[in-house]
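**Q** Here it is, the structure, as structure tokens.
Throughout, read-outs are computed from the coordinates displayed, never taken from laboratory work. Keep in mind it's a predicted model, so treat the numbers as computed, not measured. Backbone-built Cβ (ideal geometry, glycine too); neighbour counts: all protein chains shown.
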There are 4 protein chains.
Amino acid sequence: MILVMKQNATEENIKKIIETVHSCGLKTHLSTGESLTIIGVIGDKKKLLEKNPGLFPGVERIIQVSESYKLANKKFKAEPSVYDIDGVKIGGDNFCMIAGPCAIESKEQILEAAQCVKKAGANILRGGAYKPRTSPYSFQGLEEKGLEYMKEAGEKTGLKIVSEVTSIEALNTAKDYVDILQIGARNMQNFELLKAAGKADIPVILKRGLCATIDEWLNAAEYIMSEGNERVILCERGIRTFETSTRNTLDISAVPVLKSKTHLPVIIDPSHASGVREYIAPLSRAAVAAGSDGLIIEVHPHPECALSDGAQSLNPTDFENLCAELKPFISLMGRK
Amino acid sequence: MILVMKQNATEENIKKIIETVHSCGLKTHLSTGESLTIIGVIGDKKKLLEKNPGLFPGVERIIQVSESYKLANKKFKAEPSVYDIDGVKIGGDNFCMIAGPCAIESKEQILEAAQCVKKAGANILRGGAYKPRTSPYSFQGLEEKGLEYMKEAGEKTGLKIVSEVTSIEALNTAKDYVDILQIGARNMQNFELLKAAGKADIPVILKRGLCATIDEWLNAAEYIMSEGNERVILCERGIRTFETSTRNTLDISAVPVLKSKTHLPVIIDPSHASGVREYIAPLSRAAVAAGSDGLIIEVHPHPECALSDGAQSLNPTDFENLCAELKPFISLMGRK
Amino acid sequence: MILVMKQNATEENIKKIIETVHSCGLKTHLSTGESLTIIGVIGDKKKLLEKNPGLFPGVERIIQVSESYKLANKKFKAEPSVYDIDGVKIGGDNFCMIAGPCAIESKEQILEAAQCVKKAGANILRGGAYKPRTSPYSFQGLEEKGLEYMKEAGEKTGLKIVSEVTSIEALNTAKDYVDILQIGARNMQNFELLKAAGKADIPVILKRGLCATIDEWLNAAEYIMSEGNERVILCERGIRTFETSTRNTLDISAVPVLKSKTHLPVIIDPSHASGVREYIAPLSRAAVAAGSDGLIIEVHPHPECALSDGAQSLNPTDFENLCAELKPFISLMGRK
Amino acid sequence: MILVMKQNATEENIKKIIETVHSCGLKTHLSTGESLTIIGVIGDKKKLLEKNPGLFPGVERIIQVSESYKLANKKFKAEPSVYDIDGVKIGGDNFCMIAGPCAIESKEQILEAAQCVKKAGANILRGGAYKPRTSPYSFQGLEEKGLEYMKEAGEKTGLKIVSEVTSIEALNTAKDYVDILQIGARNMQNFELLKAAGKADIPVILKRGLCATIDEWLNAAEYIMSEGNERVILCERGIRTFETSTRNTLDISAVPVLKSKTHLPVIIDPSHASGVREYIAPLSRAAVAAGSDGLIIEVHPHPECALSDGAQSLNPTDFENLCAELKPFISLMGRK
């Protein structure tokens, strides 16, 4: 941590803050320039931060130089994390393909979806039972009934299944049905939900918040991990910008940035990122080429009948073509 | 709703979609231009939307022309809402001043804070018992113990009290202690929490999400209202932009925009919006002048000892000066 | 300047970069922590920056701690700048009111506009002769002819006049007609134009770029000032965000932020910031209350006939009412 | 164009606006719903827009349904544009690789750079002679001298050359030296410069503004094209967001969006988009896979000595490796 002093800070101010730092058991290094004095602070800052050094007279600002997340930090675990979910591997040199409808609508729909994504090459089925919708008047999901249908579809096809949870109650229900939990963008900083996910013994896909920085996202992962559950998968799904020709702006750079900062697997959701069916194939290729560990794609047996997000759902044929098209890119990246 | 057809849409395409619209009991008006055909759709669109008209062959896009929120909409209730909380009024020609520390730290601290904000002219005390913090390693709040201290401080000073809840569990605990619940920016789209707040019989301050549009915010209010609790207060607290000299960017235009769209009271939080103590007074004056119904300001008896957000907390003297400075502006705006 | 070393930086790396810093005539202070080494660098960094210290082996990143603008910096001139334009003062305890149509359309229109804004209380007339328009097919302005009309309108009414220039050629023409030049948002980083404005002996209103940070804006002002022309007026006109209910988002915090960083006068353009006529009065009051040194407002004698931006233009009566409404706020702020 | 009427619009209001539309030679279609009246307007809107229909009593808002750019619009030219610059082709199934230093620093530096990027496989050399720099105190470029050096380097290596121009004067000088002009992000809406480029008979790389929407960008291209020069190449170089771990946020979706809207070639600049050397290879692969027509990459013979942007420059070996790595991806995309 670095303390930058105000230009008009007095000797007294400097002496006082240095004493305070020392009283917390930390060391300081003083650098005095012509127009600027800075104080480097060395050691564990916890105690010092409680004293609010930024508010001491003469202090202009504090610059943090190390990250606040630990368990998610690549500096503390250099090897990429790999999770084995009953034989389906995520991370490392594996590439996972998650597909299915935005919402589970009926037993038939989810089973049909499962069969077609399985046939095209997906190894994990997605489907929403608890739907976070902007308006209270939109379809909100089949809840536990939906999870039942999905579990059955998973068992019949051999696909692993993932579904979003939007509350602690939903989480407690869902973990008995699904293989992977998903926490959506809107709940990325629902810290109570993150803590509850941290106590569950099940992998968690954590989507990036609509305007979350990568550091906040890694801190959200840290919430889950610090409770004991270290199997977190990060999913980039687009951030909000001023551009309106896509629903969100896919931050493709998040893949290499995360690869340099964390050991956790990173997947991409091109469906929510773009909101436009025609853009999903090019963005999926880009995701593979950028080094992502997988994709999560909306596929609906009959997109024109979908109860939500139909405009961004692929139909089974499109998805089959996409999987075929991606194969050589996945191989080029050394993934399987 | 308006359906814009693709340039190459066929007669067949147009016929098909019009039939579909009619089959949902709606009327259409067809406008055929040289390079563009548009279809106006009149009536209740619920059924039609379930058929996903945007995915029909030949349809380029759908334009929504009316808002999806109803109870919060000024079109359906022109008069501004006013809430009377045991004599403290919010909305209409009242101006409310909410102040207190970011976090409740001890019985003494919250009582001292209450006494000094009361003396300066505040009528409501704020203080956090459940703190949503970016890092799991930061101070997380005193929880129910904090609420107890706060209730006592409220009773001793005659101030109403407001505190943030971050989960349904916290909400159920808090509603027995506080006069107003607060739902924070990070939970603005925690829809399960919104629904729970909608079932409670207590006013709710709903903060705007860090990157929420005003329409999403009003839809979030609608979640609460549609469950039966119509006493929602909207709080603008800054949105996220690329500018770094303030913590967030206070969207002052939100005040007149909301005043034109909704009857709900609107307050401003200049402390979180700016994150810098020196900017709070000018932003508070601007908030009053823009027509806001109140302010919520962080005041700590000893900011340099605050466990969180000290850098943006006013000390009691600063707050007293601010209240005095704001008075003539509040009068000019015809508020009391 | 602070150099943060990589966690795995070797002794050799550290030695090498320190030697380089010393070879540029600078001093260093080394702080070695358990997991982090930082090097404070003291002195004039120009030479060092040319060696690209950020690319030396072992260096993780560079943190700049002082601003790159000098002449605009309040640290080097604490007193607010005041300009006297033939008796019309801008800055200090003066409040200036600039008003007029978006574009000069005819001799009659600009004269009528001048008379009505004068009557309402404006002291400076605005009007565009060179219009930067998003589409090449929109009205582009009357150019020199327009400036002639405007000069005449200024002479007849005694108003000072300001007009935007979009190229060096336009600047050279305009400076013989107007009292103040304006450089628009789209040209805030048209550095050649800024340099040309720096060589002219005439005050310049410099609008903030649509997505410029305050630091970039002050550096743009520095471009003008470093060429010799120190009479720069900063104009906040809204930044681009994801919010769509206003044309741009007025960054009202820019007023106090600039007041803490620079001695240059700061004015607000609520017309372009909001793009909606109804929001101009509340935003103008907020601008006054936040401490701005003036306003620039679009007023058209017949908004429904305006060739550009009619939707955000006030008519003469609205503007007269606005001026009357603002008066007590201006007095409260100690301005005249 | 669609006119949405206010809820409380009178019969009189509706009659008046319809008459006005008809008086401009346009047709209308009226749709009257229970709570909303909309009027479709058919024909050429130029005349109508001059009457500002959005300001007529009773009109709530105007919705534009067709794009304002014509020559750049794929609807008017479905085939992708291909330019042949003395044998180097851009667009169609060609993939171009543009590389070189941020700034031309000396005859030796640019020649060395040219030789190494040629050897690695680039076919066009980049290098800045006129540098737009945020601070007036940063290195501003060698200007015409730099262009001379560059031309010589191009002739010796057989590479085509491209350089940025920042003013009409620079443009007039540069067009005698270079094969392709570049207009940078900060000048994307310097309309006078665009018009001048439109009069030159030379291809132009037009970079996207830091916060320009894709529609504004296409309108900027239209400025160039409408003056007669139709050889425009669009270059995505990152937009500004709140994320700070990269210099800008590469909007990879811009590639498929542009491919659906325009026939102009699209290239990507991963160097400026990320600002971090380690991220250039993954972003380059992503750009190829998303369907871009080329890349423009900063390569400096000795990045640690670069006078600007060294932190994002590749050294010759890195660039050679990158070219080799990209080859199979380029083949997979059917490009040569």
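**Q** Given R₀ = 30 Å, what would the calculated FRET efficiency be for residue D:139 paired with residue C:10, taking r from the Cβ atoms and rounding to 0.05?
**A** Using R0 = 30 Å, I get an efficiency of 0.45.
**Q** Starting from the amide H of residue A:297, placed 1.01 Å from N in the peptide plane, find each other amide H under 5 Å away whose residue is 5 or more places distant or on another chain.
**A** Under 5 Å from the amide H of residue A:297: A:98, A:99, A:100.
**Q** Students often check this: by mean Cβ neighbours within 10 Å, which of A:45-56, A:174-185 ranks highest, and how do the rest follow?
**A** Averaged packing, sorted descending, gives the order A:174-185, A:45-56.
**Q** Right, another one. Using the Cα centre of the protein assembly as shown as the reference point, and only Cβ charges (+1 on K/R, -1 on D/E), how large is the resulting charge dipole? Debye, rounded to the nearest 20.
**A** With Lys and Arg at +1 and Asp and Glu at -1, about 0 debye.
**Q** To the nearest Å, what is the center-to-center distance of segment B:290-321 and segment B:119-153, using C-alpha atoms only?
**A** 14 Å
**Q** In peptide B:90-103, what is the residue-averaged number of other protein chain Cβ atoms found within 10 Å of each Cβ?
**A** Average neighbour count from other chains, rounded to a whole number: 0.
**Q** Follow-up. Once both labels are modelled 7 Å past Cα along the beta-carbon direction, what's the residue D:32-residue D:18 spacing in nm?
**A** Going from the residue D:32 label point to the residue D:18 one covers 0.8 nm.
**Q** Then there's this: Relative to the longest principal axis of the C-alpha atoms of chain A, give the angle of the C-alpha long axis of helix A:280-290, reported between 0 and 90° and rounded to the nearest 10°.
**A** 50 degrees
**Q** Further, regarding this structure: Could you work out which residue, out of D:143, D:216, D:155, moves most in a Gaussian network model of chain D, that is, has the largest mean-square fluctuation with Cα springs under 10 Å?
**A** D:155
**Q** If you count, for every residue in C:210-217, the Cβ atoms of partner chains within 10 Å of its Cβ, what is the mean?
**A** That average works out to 6.
**Q** While we're here: Given the rotation that superposes chain C on chain D, what residue of C brings its beta carbon nearest the axis, and what is the distance in Å?
**A** Residue with the nearest Cβ, plus whole-Å distance, for chain C: C:211, 2.
**Q** Taking a label point 7 Å from Cα toward Cβ, how far is residue D:108 from its twins in the other copies, in nm, shortest first?
**A** Result, one decimal in nm: 7.1, 7.1, 7.9.
**Q** Is the shape of segment C:74-332 rounded, prolate or oblate, going by the alpha carbon gyration tensor and its root eigenvalues a ≥ b ≥ c, with a/c under 1.5 for rounded and a/b larger than b/c for prolate?
**A** It comes out rounded by the Cα gyration axes.
**Q** Also, quick follow-up: So what's the back-of-envelope 222 nm ellipticity for chain D, counting only DSSP H runs of four-plus at -39500 (n - 2.57) apiece and dividing by all residues, rounded to 500?
**A** -10000 deg cm²/dmol
**Q** So in the protein assembly as shown, what percent of DSSP beta bridges are antiparallel if you round to the nearest 5?
**A** Antiparallel bridges: around 40 percent, rounded to the nearest 5.
**Q** Which order, highest average first, do D:286-297, D:256-267 follow once you tally other Cβ atoms within 10 Å for each residue and take the mean per peptide?
**A** Result, highest mean first: D:286-297, D:256-267.
**Q** What share of the DSSP beta bridges in segment A:161-287 is antiparallel, in percent to the nearest 5?
**A** Percent antiparallel among DSSP bridges in segment A:161-287 is about 5.
**Q** Cα centroid distance between segment A:49-96 and segment B:178-256, in Å?
**A** Cα centroid of segment A:49-96 versus Cα centroid of segment B:178-256: 29 Å apart.
**Q** Tell me the angle of helix A:144-157 to the major Cα principal axis of chain A, expressed in degrees between 0 and 90 and rounded to the nearest ten.
**A** 70 degrees
**Q** Next question, about the same structure. Helix A:214-225 versus the longest principal axis of chain A: what is the Cα-based angle in degrees, 0 to 90, to the nearest 10?
**A** 80 degrees
**Q** To continue, here is another question. How many partner chain Cβ atoms sit within 10 Å of a residue's Cβ in peptide A:234-243, on average, as a whole number?
**A** 6
**Q** Give the residues of segment A:257-282 whose amide nitrogen is closer than 20 Å to a point set 7 Å from the Cα of residue A:324 in the direction of its Cβ.
**A** A:278-282
**Q** If you place +1 on the Cβ of every Lys and Arg, -1 on the Cβ of every Asp and Glu, and leave all else neutral, what size is the dipole of chain B about its Cα centre, to the nearest 20 Debye?
**A** Magnitude of the dipole: close to 780 debye.
**Q** Could you give me the ³J(HN,Hα) list for segment B:261-278, computed from phi with Karplus coefficients 6.51, -1.76, 1.60 and θ = phi - 60°, whole Hz, x at Gly and Pro?
**A** So the J values, rounded to whole Hz, are 10, 9, 9, 6, x, 10, 10, 10, 10, x, 5, 6, 4, 9, x, 9, 3, 5.
**Q** Taking the Cα centre of segment B:2-63 as origin, sum charge times position over the Cβ atoms of Lys and Arg (+1) and Asp and Glu (-1), and report the length of that vector in debye to the nearest 20.
**A** Here segment B:2-63 has a charge dipole of around 240 debye.
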